[in-house]
Every structure is written in C-alpha cells, then in structure tokens.
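The values are calculated or read from the model by the stated rules, or taken from the named source; none is laboratory data. Just so we're clear, the structure is a prediction, and the values are computed from it rather than from any experiment. With ideal geometry, Cβ positions are generated from the backbone for all residues, glycine too; neighbour counts draw on all protein chains shown. Keep in mind that these areas ignore ligands, DNA and RNA; they rest on the heavy atoms of the full protein, side chains included. Shrake-Rupley method; radii C 1.70, N 1.55, O 1.52, S 1.80 Å.
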Amino acid sequence: TCDQQGLRCRQRRVEGSGRQGQVRGVSRHRRANVSRSAGRVYHAVQLETVLVQVDEPWWKSDARIQWLIELLDEFYPEKVLLICHKAEMVRDIVEALRVLRGINAAAFHEGLSIIERDRAGAWFAEQENGAQLLACSEIGSEGRNFQFAHHLVLFDLPDNPDLLEQRIGRLDRIGQTEQVKIYFPYEAGTAADYWQQWYHEGLNAFE
C-alpha cells in the first residue's frame with residue numbers, strides 16, 4: 001500500500017543517514033590523526049591573585065597580562081597566537097602590551113574589515129619584522145591557518161569542546177612541524193580553574 005511504501009522510504013532514509021554519520025566520523029578521525037602528528041602539550045598556568053585597582057583599566061591588575069609579557073620575552077622571537085572571546089578583549093590586550101612593555105602586537109577581530117584582518121595575519125606571518133603575537137577574538141578560531149606558529153595562549157575558554165578544538169586547530173593541522181604548546185593562565189579556585197580541569201582531565205580536550 002502507499003502507507004507501506006512510505007514507511008519503507010522513511011526506513012531507507014534513516015538507514016542511509018546512519019551510514020553517512022559513520023563515514024563522517026571515520027573521516028573526521030582520520031583527519032585528526034594526520035593533523036595532530038606533531039603532538040600537543042598542555043600547560044595549565046596557575047597565577048597568584050592580584051588585587052583589582054579601582055578606576056584603572058582591568059589589564060593593569062590582571063596577572064594574565066604580566067604573565068603574557070614574560071612568556072613573549074622567554075620565547076622571543078617565536079610566534080604566539082592568542083585567542084579569547086571578544087573583540088573588546090583583543091583591543092585591550094594589544095593596548096596593554098603596548099603601554100606596559102612597548103610590544104606591538106597584531107589584532108584580529110570582527111570589528112576590522114576583511115582587508116584589515118588580512119593585513120594583520122600577514123604581519124603576524126612575516127618572519128623578519130612581523131608581529132610576535134596575534135591576538136584574535138573567536139573569529140580567529142575559524143578558517144585561518146597559523147601552523148607556522150607553535151605557541152597558543154587561551155586567554156579564556158569557550159563553553160563548547162568543538163569550539164575549543166577549532167581554536168587549537170589553527171595551529172595543530174597539516175603542515176605543523178613542531179609540537180603545539182597550549183597555555184591557559186588562571187587563578188586557583190575560580191570557575192576558569194574548574195573549567196580547565198574538566199576539559200583536561202575529563203575530556204582530554206587539550207592534548
């Protein structure tokens with residue numbers, strides 16, 4: 001009957017979608033195995049709590065900024081990619097590095113035009129006179145490849161493991177020749193601390 005034919009059609013569609021899902025899963029795992037051949041290592045960086053100064057920019061009393069400056073000094077001139085949630089945070093970080101240490105970092109966020117973002121990416125990629133650090137908002141975790149860099153700073157964490165994988169995937173991909181070092185600075189006992197523990201110990205999402 002027509003009802004029986006419709007049922008068979010629905011069954012075929014369901015079975016077919018299941019097979020496609022399996023194929024997508026196998027392909028995804030194969031791509032992961034290839035792109036991660038250089039390996040990853042996660043550094044959870046516990047920082048001391050700093051008293052916040054009223055009437056001053058947040059970055060003057062944020063321990064992550066001083067730690068970032070020290071990281072850039074330690075690994076100079078190696079390239080460092082930083083990713084955080086919002087464009088406003090990116091602008092503040094770039095300003096903090098310029099004011100506190102005279103570091104000219106490149107900014108990459110949705111408030112810039114495509115041409116401006118391309119210029120920032122090109123400046124970061126330049127080996128001789130390029131920017132040591134590229135600070136990106138979440139838009140930087142999609143579609144851009146920076147496998148010439150080996151250091152990734154997560155200034156905050158996304159609330160989705162897939163988005164975290166996209167962030168790491170800017171460096172950990174085909175063409176990466178060295179181990180990717182992932183850094184997450186945090187204060188003990190904060191929400192960020194428990195969040196990174198869940199990602200690392202519960203999901204092994206970083207490595």
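Selection over segment 93-136 of residues that are open to solvent by 40 Å² or more (accessible area, probe 1.4 Å), within 15 Å of residue 68 (Cα to Cα) and in contact with a helix residue (DSSP H, G or I) (Cβ under 7 Å, 6 or more places away or on another chain) gives a count of 3. Could you count how many residues in segment 142-168 are under 20 Å from residue 44 (Cα atoms) and either buried (at least 18 other Cβ atoms within 10 Å of the Cβ) or among the hydrophobic types (A, V, I, L, M, F, W, C) (or both)? Here the count works out to 13.
Of 128, 138, 56, 110, all but one fail to be among the acidic types (Asp, Glu) and touching a Ser or Thr at 6+ places or on another chain (Cβ under 7 Å); the exception is 110.
Scanning segment 54-92 for residues that are open to solvent by 90 Å² or more (accessible area, probe 1.4 Å) and assigned to a helix (DSSP H, G or I), we see that the one that is modelled with the lowest pLDDT is 60.
Scanning segment 143-185 for residues being free of Cβ contacts under 8 Å to residues at least 40 places away in the same chain and either farther than 19 Å from residue 106 by Cβ or in contact with a Gly (Cβ under 9 Å, 6 or more places away or on another chain) (or both) gives a total of 9.
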